[in-house]
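Accompanying notes for the structure given below.
The values are calculated or read from the model by the stated rules, or taken from the named source; none is laboratory data. Small disclaimer: the values here were computed from a predicted structure and weren't measured. Every residue, glycine as well, gets a Cβ built from its backbone with ideal geometry; the counts of neighbours run over all protein chains shown. Areas reflect the complete protein model, heavy atoms only, side chains present, ligands, DNA and RNA absent. Shrake-Rupley method; radii C 1.70, N 1.55, O 1.52, S 1.80 Å.
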Amino acid sequence: MWTKANLIGAHPALDFLNTVADTGKTRDVNLLLSPGDFLSWLEFCGLDSEILVDPIPTHEELADLVRFREIAYQALVSTLEESKQESRNLPRYECYLKSALQRATFCVREQHFTWRASNEPGHHILDSIVLQFYDLLQSTDVARIRQCERCSWLFINSGRGRGRRWCNMATCGNRHKVEAHRERKTKPPKPAPPA
Ligand SMILES: [Zn+2]
């Protein structure tokens with residue numbers, strides 16, 4: 001189900017936001033439909049060693065995760081659009097971050113200070129995901145987050161200048177090329193200059 005294309009975000013928080021399959025800016029084609037989908041995603045991202053899934057998440061917990069995903073998406077995208085109006089999801093996003101941090105433990109991992117999510121069964125999974133977003137917010141990569149010009153996927157732009165325009169050249173980049181080609185072909189030819 002998951003392929004390397006699902007890891008183009010270059011950060012687990014962005015890869016989590018990219019668990020939708022819409023080809024445009026809508027976010028209706030959810031790829032996390034069952035706890036099994038989420039478990040396989042965790043495993044594919046290599047987060048399964050960090051996020052304990054015993055007992056496996058319930059459908060309600062999964063619904064919470066998806067709800068948080070969309071709140072985080074709206075909050076993040078509003079910062080990219082530089083709109084003067086703050087996303088109405090910002091206070092809700094803040095609430096998730098504060099609650100996860102309040103329950104977390106401060107620790108040292110790989111010579112860095114970090115937060116370890118609460119082990120409480122009802123909170124552990126969601127808090128672990130939320131803390132991935134806190135990690136992203138703390139990193140310098142946050143200034144390089146870009147959105148694909150065609151779909152809603154987000155990624156860290158590692159190129160210089162304008163850099164990447166699409167999440168993936170093979171999907172969105174290709175769709176753009178095909179459409180641009182079709183547009184050129186259907187355009188009426190320019191009138192010949194007067195003799
Ligand atoms: Zn895309």
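Please verify whether segment 175-190 includes one or more residues that are touching a helix residue (DSSP H, G or I) at 6+ places or on another chain (Cβ under 8 Å) and within 13 Å of the ligand (Cβ to nearest atom).
No, because not a single residue in segment 175-190 is touching a helix residue (DSSP H, G or I) at 6+ places or on another chain (Cβ under 8 Å) and within 13 Å of the ligand (Cβ to nearest atom).
Output the residues belonging to segment 7-26 that are more than 24 Å from residue 140 (Cβ to Cβ) and surrounded by 18 or more Cβ atoms within 10 Å (Cβ to Cβ).
19, 20
Quick check on my filter: what residues within segment 78-100 are assigned to a helix (DSSP H, G or I) and open to solvent by less than 40 Å² (accessible area, probe 1.4 Å)?
78, 93, 97, 99, 100, listed by residue number.
Inspect all residues belonging to segment 89-101 and state whether any of them is of a type in the set (Lys, Arg) and within 12 Å of residue 131 (Cα to Cα). Lay out the reasoning, then the answer.
If we filter segment 89-101 for residues that are of a type in the set (Lys, Arg), which is where we start, we get 92, 98.
Those left that are additionally within 12 Å of residue 131 (Cα to Cα): 98.
The answer is yes; a qualifying residue exists.
I'm trying to understand the selection: among the residues of segment 7-44, which are part of a helix (DSSP H, G or I) and more than 15 Å from residue 156 (Cβ to Cβ)?
35, 36, 37, 38, 39, 40, 41, 42, 43, 44
What pairs come up if the first residue lies in segment 32-45 and is at negative phi, the second is in a helix (DSSP H, G or I) and open to solvent by 40 Å² or more (accessible area, probe 1.4 Å), and their beta carbons are under 6 Å apart, counting only those six or more places apart or on different chains?
Qualifying pairs under 6 Å: 45/12.
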